[in-house]
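First comes the structure, then the notes that go with it.
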Amino acid sequence: MLQLTDINAAYGGFQALFGVSMQVAAGEAVAVIGANGAGKTTLLRVISGLLPPTSGRMLLEGRDLAVMPPHSIVAAGIAHVPESRRLFPRLSVEENLRMGGYIPTARAQFSQRLAYVYGLFPRLRERSKQLAGTLSGGEQQMCAIARALMSGPKLILLDEPSMGLAPVVVTQVFDLVRRIRGEGYTVLIVEQNVRQVLKVVDRAYLLEVGRVKAHGSAAELSASDEIRAAYMGI
């Protein structure tokens, strides 16, 4: 579904990604793991069109993402759940969901998509009129994921969904990831919580200082002594 080949990206004169290549097949859940500052968030920003690559190819089902503006990438089927959720705090839950379904194809199916995400996350139906900024951390992450689902995506990008959350809420968030996987969505998740994320994905790539240093199945990376020592504290 998604194929990246030799992607380089920079902020001004600072190069953040160096020849990154990876692929995500339809129906897979794939993680990008690594320390803070490794380039994980930059990678998702490049895929969603928020930061243009300086070189390399990005294809979604054969379509060239590098020539598309961000709104066209959303319409092509990629939904980005950003770091720290980035909800509209003074809008209600339902108003936030409406923003997620803003592209023309999604607007035409708003009622159906809304019923779908409320069925998936019943708590959001209960909180539909509540201001998003007053939700708990776990509920905000639930709302952010639901907002992404409103566009009817083929691929969901999740950026550090467990960041800043209490341990009990982190468990809830990874349960959400399992739930959307169970619905058949393709997921690319960036996460520092290596121990937890490798339990919910099929494969993973290790990013270090903007370069892919290792990749393999979740089981292979979980069993790696180097990764266990560096990222799991084992």
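Taking a ≥ b ≥ c as the square roots of the eigenvalues of the Cα gyration tensor of region 1-89, is the shape rounded (a/c under 1.5), prolate (a/b larger than b/c) or oblate?
Here region 1-89 falls in the rounded category.
Arranged from highest to lowest average of other beta-carbon atoms within 10 Å per residue, in what order do the peptides 5-13, 200-208, 24-32 appear?
Numbers: 5-13: 14.0, 200-208: 20.9, 24-32: 19.2.
So the order, starting with the most tightly packed, is 200-208, 24-32, 5-13.
Using a Gaussian network model on the chain with a 10 Å cutoff between Cα atoms, which of SER84, SER21, SER224 fluctuates the most?
SER224
With 10 angstrom as the radius, rank TYR185, TYR102 by how many other C-beta atoms surround their C-beta, starting from the fewest.
Values: TYR185 21, TYR102 13.
Exposure proxy ranking, most exposed first: TYR102, TYR185.
Where Lys and Arg each count +1 and Asp and Glu each count -1, what net charge lies around GLU83 among other residues with Cβ under 15 Å from its Cβ?
Residues near GLU83 contribute +2 overall.
What is the dipole size for region 94-234, taken about its Cα centre, with +1 at each Lys and Arg Cβ and -1 at each Asp and Glu Cβ, in debye to the nearest 20?
Values: 18 positive and 14 negative charges, 93 e Å.
The dipole magnitude comes to about 440 debye.
Using Cβ contacts closer than 10 Å as the measure, can you line up LYS154, LYS40, LYS129 from fewest to most?
LYS129, LYS154, LYS40
Run lengths n ≥ 4 of DSSP H only: what is the helix-derived mean residue ellipticity at 222 nm for the chain, with -39500 (n - 2.57) per run over all residues, to the nearest 500?
When only DSSP H runs of four or more count, the value is -10500 deg cm²/dmol.
Treat each spin label as a single point 7 Å out from the Cα along the C-beta direction, and report the SER224 to ALA166 distance in nm.
Distance between the two pseudo-spin positions: 3.4 nm.
Using alpha carbons only, how many angstrom separate the centre of region 107-176 from the centre of region 188-234?
Computed from Cα coordinates, the inter-centre distance equals 25 Å.
Please report Rg (one decimal) and Dmax (integer) in Å for the Cα set of the chain.
17.2, 51
Using amide H atoms built 1.01 Å from N in the peptide plane, name the residues 5+ places from TYR205, or on other chains, whose amide H lies under 5 Å from its own.
Excluding prolines and chain starts, which carry no amide H, the hits are ALA31, VAL32, ILE33.
Using 7 Å Cα-to-Cβ label points, what is the LEU91/ALA76 separation (nm, one decimal)?
2.4 nm
If you stretched the chain out fully between SER21 and THR54, how much longer would it get, using 0.36 nm times the residue separation minus the C-alpha to C-alpha distance?
10.5 nm
Report the full-extension gain for the segment GLN130 to TYR116: residue separation times 0.36 nm, less the Cα-Cα distance, to one decimal in nm.
3.1 nm
Select from SER111, THR186, TYR231 the residue farthest towards the positive end of the dipole of region 82-234; place +1 on Cβ of Lys and Arg, -1 on Cβ of Asp and Glu, and compute about the Cα centre.
SER111
Each value in this text was obtained by applying a stated rule to the coordinates, not by laboratory testing. As the structure is a prediction and not an experimental result, all values here were calculated from the model. Using ideal geometry, Cβ is built from the backbone for each residue, glycine included, and neighbour counts are taken over all protein chains shown.
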